[in-house]
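A short write-up of the structure that comes next.
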Amino acid sequence: MKLIFLGPPGAGKGTQAERIAERYEIAHISTGDMLRSEIRNATPLGAAAKAYIDRGELVPDDVIIGMVEKRIQAADCKNGFLLDGFPRTTAQADSLGKLTDIDAVVDIEVPFERLVARICGRRMCPDCGAAYHVSYHTADTCDRCGAKLYQRDDDREETVQNRLVVYEAKTAPLIAYYEERDTLIKIDGDQAIDSVTDSIVKGLSK
Ligand code: AP5
């Protein structure tokens, strides 16, 4: 199974992708996580990407496309994969279409006014990548591995506003792009986390 998760920043793509990838035993590929790992490891790619991410801009298409092309050929993708945060532009979608066929594109929809609170309240685990929200997780350590949680630099309100503007301009047009290709499944992401998962599973089973 080859899936794409679309949706604005904070829609819950990462939260749901982890659950769905585990359920269908496919690789979870988050381009955001890949870039953050490059930054942590102080690679040249990470250094180049950091300036874009910190401004809430997209990293250039050629960098991202090359990274994903290599990643989807890895051994853990033999049962399929779930792309979380890719593609984000029409050029990325066109390139992906030349590399492989996609079975379904899940678009997680959440009203814009909810997104800023979701993102600004997010806390991340630097070791296992788990995401929490301050509204339901008050401890400052990760439940899974005990590491100290942190706030992503691009989760501060000034940057979040720009990420939402960039999403509308560059990524939202992909909804029509995949609708025209009959692969789009729209999901109401403004429900409890478990209910969103159930809706996605139901949508995919069709
Ligand atoms: P990336 O890391 O992909 O960020 P994003 O797409 O902006 O998405 P987020 O991670 O902010 O949100 P999410 O939808 O995964 O939500 P989550 O599940 O965490 O990209 C970061 C940057 O990298 C980009 O800005 C860009 O610079 C660069 N980049 C990455 N890919 C690129 C590409 N393809 N091309 C170019 N540049 C690229 O949930 C958010 C919060 O809400 C959490 O606290 C969570 O607990 C909570 N939550 C989740 N679901 C619910 C729910 N149902 N109800 C209540 N709270 C919920």
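Whole-Hz ³J(HN,Hα) for each residue in region 46-51, computed from phi via Karplus 6.51 cos²θ - 1.76 cosθ + 1.60 with θ = phi - 60°, x for glycine and proline: what do you get?
In residue order, the calculated couplings are x, 5, 5, 6, 4, 4 Hz.
Top mean-square fluctuation among 161, 151, 73, Gaussian network model of the chain, C-alpha springs under 10 Å?
73
Show the residues, 5+ positions off or on another chain, whose built amide H is closer than 5 Å to the amide H of residue 30.
Residues meeting the amide H criterion: 84.
Rolling a 1.4 Å sphere over the protein heavy atoms, what is the accessible area per residue of the chain, to the nearest Å²?
Values: 10460 Å² over 206 residues.
Here the residues of the chain average 51 Å² of exposed surface.
Would you mind working out the magnitude of the charge dipole of the chain relative to its Cα centre, with +1 at each Lys and Arg C-beta and -1 at each Asp and Glu C-beta, to the nearest 20 Debye? Walk me through the numbers before you get to the answer.
On the way: 27 positive and 34 negative charges, 73 e Å.
Around 340 debye, computed over the chain.
Quick check: pseudo-label points 7 Å beyond the Cα along Cα→Cβ at residue 120 and residue 134, how many nm apart are they?
Taking the two extended label points, one gets 0.9 nm.
Which far-off residues, 5 or more places away or on another chain, put their amide H under 5 Å from the one on residue 184, with H placed in the peptide plane?
105
Got a sec to turn the phi values of region 156-161 into Karplus ³J(HN,Hα) couplings, 6.51 cos²θ - 1.76 cosθ + 1.60 with θ = phi - 60°, whole Hz, x for Gly and Pro?
7, 4, 4, 6, 4, 4
Could you look at region 150-191 and say what percent of its accessible area is carbon and sulfur, using a 1.4 Å probe and all protein chains?
On the way: 1050 of 2290 Å².
Roughly 46 percent, rounded to a whole number.
With N denoting the number of residues in the chain, provide Rg(C-alpha) divided by 2.2 N^0.38 Å, to two decimal places. Intermediate results must be reported in sequence, preceding the final value.
Numbers: Rg = 16.2 Å, N = 206, 2.2 N^0.38 = 16.7 Å.
Taking the Cα Rg and dividing by 2.2 N^0.38 Å, one obtains 0.97.
Which residues' amide hydrogens lie under 5 Å from the amide hydrogen of residue 100, considering only partners 5 or more residues apart or on another chain, with H built in the peptide plane?
Those lying under 5 Å, H to H, from residue 100: there are none.
For region 1-70, what size does the Cα cloud have along each of its three principal axes, sorted from largest down, in whole Å?
Per principal axis, max minus min of the Cα coordinates gives 34, 25, 21 Å.
Within region 1-81, list the GluC sites (Glu not before Pro) lying in a DSSP loop whose Cβ has at most 12 other Cβ atoms in a 10 Å radius. Before the final figure, lay out the partial values.
Numbers: sites: 18, 22, 25, 38, 57, 69; in loops: 25, 57.
Passing sites in region 1-81 are 25.
What does the net charge come to around residue 111 if you take all other residues with beta carbon closer than 12 Å to its beta carbon, with K and R at +1 and D and E at -1?
Numbers: positive: 114, 118; negative: 109, 113, 188, 190.
Result for the neighbourhood of residue 111: -2.
Using only the Cα atoms of region 97-169, build the gyration tensor, take square roots of its eigenvalues as a ≥ b ≥ c, and label the shape rounded, prolate or oblate: rounded if a/c is under 1.5, else prolate if a/b is larger than b/c, else oblate. Kindly include the intermediate steps, with their values, before the conclusion.
Numbers: a/c = 2.18, a/b = 1.39, b/c = 1.57.
Here region 97-169 falls in the oblate category.
From the phi of every residue in region 88-103, what ³J(HN,Hα) in whole Hz does the Karplus formula 6.51 cos²θ - 1.76 cosθ + 1.60 yield, where θ is phi - 60° and glycine or proline is x?
Result, ordered by residue: 10, 9, 5, 4, 5, 5, 4, 5, 4, x, 7, 8, 6, 8, 10, 7 Hz.
Under Stokes-Einstein, with the Kirkwood radius over Cα pairs standing in for Rh, what whole-number D in µm²/s applies to region 38-105 at 4 °C and 1.567 mPa s? Let's see the in-between values first.
Details: Rh = 13.2 Å.
This corresponds to a translational diffusion coefficient of 98 µm²/s.
Could you work out the relative contact order of the chain? I mean the mean sequence separation of Cα pairs under 8 Å and 6+ apart, divided by the number of residues, in percent.
Values: 299 pairs, mean separation 62.1, N = 206.
Computed value for the chain: 30 percent relative contact order.
The values are calculated or read from the model by the stated rules, or taken from the named source; none is laboratory data. Keep in mind it's a predicted model, so treat the numbers as computed, not measured. Note: ideal-geometry Cβ built from the backbone for every residue, glycine included; neighbour counts use all protein chains shown. Side chains are part of the model used for accessible areas, which takes the heavy atoms of the whole protein and leaves out ligands, DNA and RNA. Shrake-Rupley method; radii C 1.70, N 1.55, O 1.52, S 1.80 Å.
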